[in-house]
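Structure record follows, encoded as structure tokens.
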Amino acid sequence: MTRCKVKLLAIQFLILVLCMVQVSFAEPNEAPRLVSPIGAVARSAVVPGWGQFYARSRFQGTVSFVGASGLLVGALIAHQSFQDVYNNEYTPIAQNNPDAPEALFQYNRANQRFKLRQFFLFSAVGVWAYSIIDSYVGANFYNATTKANQLIDDAKQIEKLGIQLQVTPTQLHLGVVKFF
């Protein structure tokens, strides 16, 4: 793969990031919507960070997407470097004498690049798994916070009505108070 293809791949990832960053402005009177934790997990399983965007955790979503994308691009570059060293430098020498010191040196260079590629791939999988778990937790946390805020708003509305509620272990007092 040439560097031009790597740049094209990086541009495609950038376009995807820009498409994911959708800014939605909620109406002031509109009730906030809850998010599905399973929907967030499914989105993060497809694209790392998408489920976190869905769960309103834009910073974590950006970090997950950029991290996984960067690691995958690093793995792609390391793979290209591995192939170049193996095919262009090790193979011609190893065909004549595989035990030559130069052949062993080039093999070790190729092996280092191979290990680097594996490191990038496994790290990308780890970031992707983190994205999936964090999107589930983030969706549940967002839903709990939203419900708590709705409960506080409802309690304030009840206080404006002038209703008093007292609960004891044996009695329930409900009263309407109106001040003139």
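Each reported figure results from applying straightforward, stated rules to the coordinates on display, with no laboratory input. Nothing here was measured: the structure is a model prediction, and the numbers come from that model. So basically every Cβ, Gly included, is an ideal-geometry build from the backbone, and we count neighbours across all protein chains shown.
The figures follow:
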| item | result |
| --- | --- |
| Sole residue being crowded, with 18+ Cβ neighbours inside 10 Å and in a helix (DSSP H, G or I), chosen from 129, 94, 103 | 103 |
| Among the candidates 60, 83, residue that is part of a helix (DSSP H, G or I) and out of contact with any helix residue (DSSP H, G or I) (no Cβ under 7 Å at 6 or more places or on another chain) | 83 |
